[in-house]
Amino acid sequence: MSSLGIRRRNRANRDDLPVNAEINVTSLVDVAFTLLVIFIITAPILQGGIEVAIPRADVPPLTSEDQPFFVTVLRDGTIFMEETEVTLEELEAGLPQLMATGNVQRIYIRGDSLAPYGPVLRVMATSVNSGVNWSVVAEPYRPGN
């Protein structure tokens with residue numbers, strides 16, 4: 001048999017197959033779910049900030065127009081200005097300079113609910129002595145929580 005006859009037979013078999021116009025999206029869905037899992041895992045890591053267990057109280061929530069500047073006291077007494085660890089002496093020197101820039105009108109003191117009272121009180125006293133307006137931060141209390 002000639003090679004021409006084999007080609008015609010193969011071509012005839014291909015023409016008999018139905019045309020399938022469907023798109024297989026299984027791999028696309030797998031990739032989408034993989035990306036979703038990656039974002040779910042990495043989102044809390046990228047959030048940043050200092051983890052602190054703030055006590056609950058009947059307080060109004062902060063608004064976005066407040067432009068908060070946080071001073072945080074952890075349960076071991078460590079003090080942070082925003083995300084920078086400072087000593088009490090550095091806080092005393094830094095608060096007046098911070099207020100002199102004019103970008104911050106008020107600082108918000110976040111004290112961990114298990115932090116000793118002494119370091120939190122020293123941060124408050126430092127703020128008062130520096131002439132800084134300050135507020136204490138608490139989680140809004142909701143009945144049932």
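The values are calculated or read from the model by the stated rules, or taken from the named source; none is laboratory data. What you see is a predicted model, and the numbers here were worked out from it, not measured in a lab. Virtual Cβ from ideal backbone geometry, glycine too; neighbours counted across all protein chains shown.
Whether any residue in the stretch 131-143 is at positive phi, in a loop (DSSP other than H, G, I, E, B) and out of contact with any Phe, Trp or Tyr (no Cβ under 8 Å at 6 or more places or on another chain) is what I want to check. Talk me through it step by step, then tell me what you get.
Keep residues of the stretch 131-143 that are at positive phi, which gives 131.
If we keep only those that are in a loop (DSSP other than H, G, I, E, B) too, we end up with 131.
Adding the requirement that they be out of contact with any Phe, Trp or Tyr (no Cβ under 8 Å at 6 or more places or on another chain) leaves 131.
Yes, the stretch 131-143 has at least one match.
Restricting attention to the stretch 105-115 and to residues that are exposed (fewer than 14 other Cβ atoms within 10 Å of the Cβ) and over 22 Å from the mean Cα position of the chain (by Cα), the residue that is farthest from V71 (Cα to Cα) turns out to be L114.
Of all residues in the stretch 98-112, how many are modelled with pLDDT of 85 or more and out of contact with any strand residue (DSSP E or B) (no Cβ under 7 Å at 6 or more places or on another chain)? Talk me through it step by step, then tell me what you get.
Taking the stretch 98-112 first, the residues modelled with pLDDT of 85 or more are 107-112.
Next, only the ones that are out of contact with any strand residue (DSSP E or B) (no Cβ under 7 Å at 6 or more places or on another chain) stay: none.
The qualifying residues number 0.
Residues in the stretch 77-104 that are in contact (Cβ under 8 Å) with a residue 12 or more places away in the chain and among the charged types (D, E, K, R) were compared, and the one that is surrounded by the most Cβ atoms within 10 Å (Cβ to Cβ) is E92. Got at least one residue in the stretch 64-71 being closer than 18 Å to W134 by Cα, touching a residue at least 24 places away in the same chain (Cβ under 8 Å) and aromatic (F, W, Y)? Yes: the stretch 64-71 contains one or more residues that are closer than 18 Å to W134 by Cα, touching a residue at least 24 places away in the same chain (Cβ under 8 Å) and aromatic (F, W, Y).
Put simply, of V73, V137, V52 the only residue that is touching a helix residue (DSSP H, G or I) at 6+ places or on another chain (Cβ under 7 Å), aliphatic (A, V, I, L, M) and surrounded by 15 or more Cβ atoms within 10 Å (Cβ to Cβ) is V73. All of I50, I54, I40, I45 fail the test of being under 26 Å from the mean Cα position of the chain (by Cα) and modelled with pLDDT of 85 or more, apart from I40.
On inspection, V120 qualifies as over 24 Å from the mean Cα position of the chain (by Cα), buried (at least 18 other Cβ atoms within 10 Å of the Cβ) and β-branched (V, I, T).
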